[in-house]
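Working notes, beginning with the structure itself.
Please treat every number below as a calculation from the coordinates, not as lab data. All figures in this text were calculated on a predicted structure; none of them were measured in a lab. Note that we place each Cβ from the backbone using ideal geometry, even for glycine, and neighbour counts take in every protein chain shown.
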Amino acid sequence: MIMKNIFVIGASGFVGSYLTRQLLSEGYRVRCLARNPQKMKDLARNGCEIIEGDITDLSSFEHALESMDAVYISIHTLAPQQAGTVDQGFMDIEMSGLQNIVRACEVHKVRRLIYVTSIGISSDSKDAWTRGRWKTQQYLLNSGLDVTVIQPGMIVGSGGQGFNMVLDNAHRSLAFVIGNGHNQFRCIAIDDLVFDLIGILNEPKSYGQCYQVGGDDILSSDQLIDIAAEVAGRPHPKKIHISLALLRLAAPLIERVSKAPKGAIKGALDSLGQDMIGDSSAIRALLGRRPLSYKQAVDLALKMYKK
């Protein structure tokens, strides 16, 4: 069966919005879950059906998955709207939401589910966020559904939080870099990531698999900034490296002031110190597409930004 009726969770986010627009352009029928449908007017005008709801509320899925063939999940538990408590961390919230999604899939007999996480997810990671993501991955992979997990590294595209920080630094004469600037990333253009996400949709060989995705370039934080500056026609900025250890000490205060979820800032800082390299050969062999280089991806992102 060719799956054409798609439910997207996280369509208001960076990856989810690109994915939804591409699905619509390729003729898929797309339905999305949104806390605030008013923020999704552009997608609605393009033919996307918007259902108001929240993944942490099981009743949101009472009818949402009716007639759907597959579900994409692209959510970011460090986002401010994910409210944590002393007893419930931000990854606990995501797990609760995923359990609701799986229950709804079982009720509506939707077997296909695709989940976006990131390179570096493992059970023995140093930071709570990636350890928590490993647990959610394992939960989905053992759910009995036809699950595929896609793990990108640094996503290069207009609107991405990580890449926006790189681009902002690239346009400055003095760049502030968190950490020593040496941690390395495998990069992927947002268009290539969306191609992979849609490419595996109707591919049974991908069921039960985790795929690390990205291009050939493996670059340090400093190199990401310098190459982006070159593509933008600017000189390499001078860099001031900000100690992760000092920022970790200040994390609880930053969370209180910014009203971020408990543990979110520390989790983000811990993950920033990790390399995100992985091995993208498996999905390339499956789908047969060579990704853009980092320079090409930056050039494309800059052109999109100017539109």
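So, counting K/R as plus one and D/E as minus one, what does the shell of residues with Cβ under 13 Å around Arg103 add up to?
-2
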| note | region 200-230 and region 1-28 have their Cα centres apart by a whole-number Å value of 20 Å
| Hey, what angle do you get for helix 128-141 against the long axis of the chain, alpha-carbon based, 0 to 90 degrees rounded to 10? | 30 degrees
| task | Please tell me which of these pairs span more than 22 angstrom C-alpha to C-alpha: Lys238/Lys295; Lys109/Lys135; Lys109/Lys205? | result | Lys109/Lys135
| By average Cβ neighbour count within 10 Å, what is the ranking of 100-109, 293-302 from highest down? | 293-302, 100-109
| said: Taking 2.2 N^0.38 Å as the expected size of a compact globular protein, what ratio does the Cα radius of gyration of the chain give against it, to two decimals? | reply: 0.98
| remark: Sorted by chain and number, the residues with a modelled amide H under 5 Å from that of Arg35, at a separation of 5 or more or across chains, are Gly53
| said: Could you derive backbone 3J(HN,Hα) for region 56-67 from the dihedral phi with the Karplus parameters 6.51, -1.76 and 1.60 (θ = phi - 60°), listing whole Hz in sequence and x where the residue is Gly or Pro? | reply: 7, 10, 4, 5, 4, 9, 4, 10, 4, 9, 4, 6
| Within the chain, what percent of beta bridges assigned by DSSP are antiparallel, to the nearest 5? | 10 percent
| message | Can you tell me the orientation of helix 244-258 relative to the chain, as the angle in degrees between its alpha-carbon axis and the longest Cα principal axis, to the nearest 10? | response | 50 degrees
| task | Can you tell me the order of 11-18, 167-174, 116-123 when each peptide is scored by its average per-residue count of other Cβ atoms within 10 angstrom, highest first? | result | 11-18, 116-123, 167-174
| In degrees, nearest ten, helix 14-25 long axis to first principal axis of the chain (Cα) | 50 degrees
| query | Taking the mean number of other Cβ atoms within 10 Å as a proxy for protection, how do you rank 52-63, 155-166 from highest to lowest? | reply | 155-166, 52-63
